[in-house]
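S.K.: Following this message is one structure expressed as structure tokens.
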Amino acid sequence: MGIRQFTEQDIVPAGQMAYDVWSYELDGVGDAFNRFIHEYLVRYYDVNRHYSWCVDEGGLDAFLLAGCKTDVGSCDTWFSHGLSGFSREERKIALQYRDYLARNSHAVRRFMTGNDVQMGLFMSRVSGTGRRLLDNLEQVCRKDGISNLYLWADATCHVSYYEKNGFEMMARFENGMLSDKPALDTCVFRKRLN
């Protein structure tokens, strides 16, 4: 099937991919809660389907979720409703993760203008599919007259990937919003398009 736009049906498989990569970060919590957090991560960044794509060749191989500065997700109701089934401690952790994502997104948006796009979540499990998605997003953005692509990446991401693909670091900070984890070194990157 190749590259196609990200759809509602991709949310759960994308959440599973995020879980497969990052579930170790939430060791000591229940599996259902861990999966909830990783699906929330996908829902949080699923804000603009025009700029969100995936590679599907018999299963979800890669996805890239992106949006404009003014795009707002609609996952708050889903998040609040889902929290009710978890313990008080798990709810506390979930709120910290929400705040962590919000702080990083805010750090990126400080640099953005109304003519920029933020890559919110970008994952690949098959070699080369991430590059295909990034090329596709850049092509769509250039056609739309978008000036810059922005993203944030923390110590759990492959920061060198972005540098190799033409992104320049704009800022670096520590995000210590997760009380049970050390502060993560986090970078804001930009790639000029037009």
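The values are calculated or read from the model by the stated rules, or taken from the named source; none is laboratory data. Please read all numbers here as calculations on a predicted model, not as lab measurements. Quick reminder, even Gly has a Cβ in these numbers, built from the backbone with ideal geometry, and neighbours come from all protein chains shown. Keep in mind that these areas ignore ligands, DNA and RNA; they rest on the heavy atoms of the full protein, side chains included. Shrake-Rupley method; radii C 1.70, N 1.55, O 1.52, S 1.80 Å.
S.K.: When you check F122 against the structure, is it open to solvent by 30 Å² or more (accessible area, probe 1.4 Å), modelled with pLDDT of 95 or more and either under 18 Å from the mean Cα position of the chain (by Cα) or of a type in the set (G, A, S) (or both), yes or no?
M.R.: In short, no.
S.K.: Does at least one position in the stretch 103-117 carry a residue that is closer than 20 Å to F33 by Cβ and open to solvent by 20 Å² or more (accessible area, probe 1.4 Å)?
M.R.: Checked against the condition, which is being closer than 20 Å to F33 by Cβ and open to solvent by 20 Å² or more (accessible area, probe 1.4 Å), the stretch 103-117 yields no hits at all.
S.K.: Of everything in the stretch 158-186 that's open to solvent by less than 60 Å² (accessible area, probe 1.4 Å) and of a type in the set (G, A, S), which residue is modelled with the highest pLDDT?
M.R.: It comes out as G166.
S.K.: Would you mind stating whether R43 is open to solvent by less than 70 Å² (accessible area, probe 1.4 Å), of a type in the set (D, E, K, R) and in a helix (DSSP H, G or I)?
M.R.: yes
S.K.: Do we have any residue at all in the stretch 134-148 that's within 14 Å of the chain's Cα centre (by Cα), open to solvent by less than 10 Å² (accessible area, probe 1.4 Å) and at pLDDT below 95?
M.R.: no
S.K.: Could you say which residue among V55, V72 is touching a residue at least 24 places away in the same chain (Cβ under 8 Å), surrounded by fewer than 12 Cβ atoms within 10 Å (Cβ to Cβ), not in a helix (DSSP H, G or I) and not polar (S, T, N, Q)?
M.R.: After ruling out the rest, the residue left standing is V72.
S.K.: Does A66 qualify as being more than 26 Å from H106 (Cβ to Cβ), under 14 Å from the mean Cα position of the chain (by Cα) and part of a strand (DSSP E or B)?
M.R.: It is false that A66 is more than 26 Å from H106 (Cβ to Cβ), under 14 Å from the mean Cα position of the chain (by Cα) and part of a strand (DSSP E or B).
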